[in-house]
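The values are calculated or read from the model by the stated rules, or taken from the named source; none is laboratory data. Fair warning: this is a prediction, and the values are worked out from it, not measured in the lab. Note that each Cβ is placed from the backbone with ideal geometry, even for glycine, and that neighbours are counted across all protein chains shown. Side chains are part of the model used for accessible areas, which takes the heavy atoms of the whole protein and leaves out ligands, DNA and RNA. Shrake-Rupley method; radii C 1.70, N 1.55, O 1.52, S 1.80 Å.
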Amino acid sequence: MGSSIALLIAIAISGCSKESLKDAYDSAKSQTQDLASSTQELASSAKESVSTAVKAVEAKLPSKGSMVLQSDFSIPDPQRASVELIVIGDGRPNVVQICSYDPTSDQLIYPAVLLHGPTDLTSIGELSGTSVACDLYMQAESSSVIAMTKPGGHVDVMFGPLNAEDQTLTATIQPGEVTGSDQKTYQVQGGQVIAAVNTEGN
């Protein structure tokens, strides 16, 4: 671009005709446009490369899972779900649990949903095709009502296939009933879960 401007100055000093000056100007303008277009193409190409790299990294990240729960109890669908099978030992039943939060964290993330129930199974893979009677706990936010299954009550959770590649396990929550800390009874119509497998408890 600097050489084009120098060329214009040289032509003006030498006293060229208006036509020559216009031709030189048009040539310089064309070169400038070509440079801008080339720069834009390079920027666009670099942006696409970064986008592709980000998508490739995201594809390798572990799933956070998801949960959809239909209930008279007002609570948003959690943005994550994990499942783990905790081996107790000493002849006691093991425990399977599905959480919408990180059970190892000191900070509880809302909305919070917890399902847990006893099982004789010893691995996540064995859960596929089985049903576990689970206690259910729900809370929309830290200051809101807590809903839970009544003592002796439960909701059945039917586990689907394990996706070994994504390390996720599907589950269907069957209808049931919960009682709130506000002394009201709420109906759970059911729900669907895609839970990220947590192997730390195994």
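Results, tabulated for the structure shown:
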read-out	value
Only listed residue being part of a loop (DSSP other than H, G, I, E, B), within 16 Å of Ala81 (Cβ to Cβ) and of a type outside the set (Lys, Arg), chosen from Asp182, Asp166	Asp166
Subset of the range 122-134 [assigned to a loop (DSSP other than H, G, I, E, B) and either within 13 Å of Val157 (Cβ to Cβ) or basic (Lys, Arg) (or both)]	Ser128, Gly129, Thr130
Residues (closer than 22 Å to Gly160 by Cα and among the small types (Gly, Ala, Ser)) located in the range 88-139	Ser100, Gly117, Ser123, Gly125, Ser128, Gly129, Ser131, Ala133
Residues of the range 61-116 that turn out to be of a type in the set (A, V, I, L, M, F, W, C), touching an Asp or Glu at 6+ places or on another chain (Cβ under 8 Å), open to solvent by 40 Å² or more (accessible area, probe 1.4 Å) and part of a strand (DSSP E or B), as a count	1
Selection status of Asp90, more than 22 Å from Phe159 (Cβ to Cβ) and modelled with pLDDT of 60 or more	yes
Members of the range 157-202 that are open to solvent by 60 Å² or more (accessible area, probe 1.4 Å), at pLDDT 95 or above and of a type in the set (Asp, Glu)	Glu177
Residues satisfying the stated conditions in the range 131-155, i.e. in contact (Cβ under 8 Å) with a residue 12 or more places away in the chain, of a type outside the set (Gly, Ala, Ser) and open to solvent by 60 Å² or more (accessible area, probe 1.4 Å)	Tyr137, Glu141, Ile146, Met148, Lys150, His154
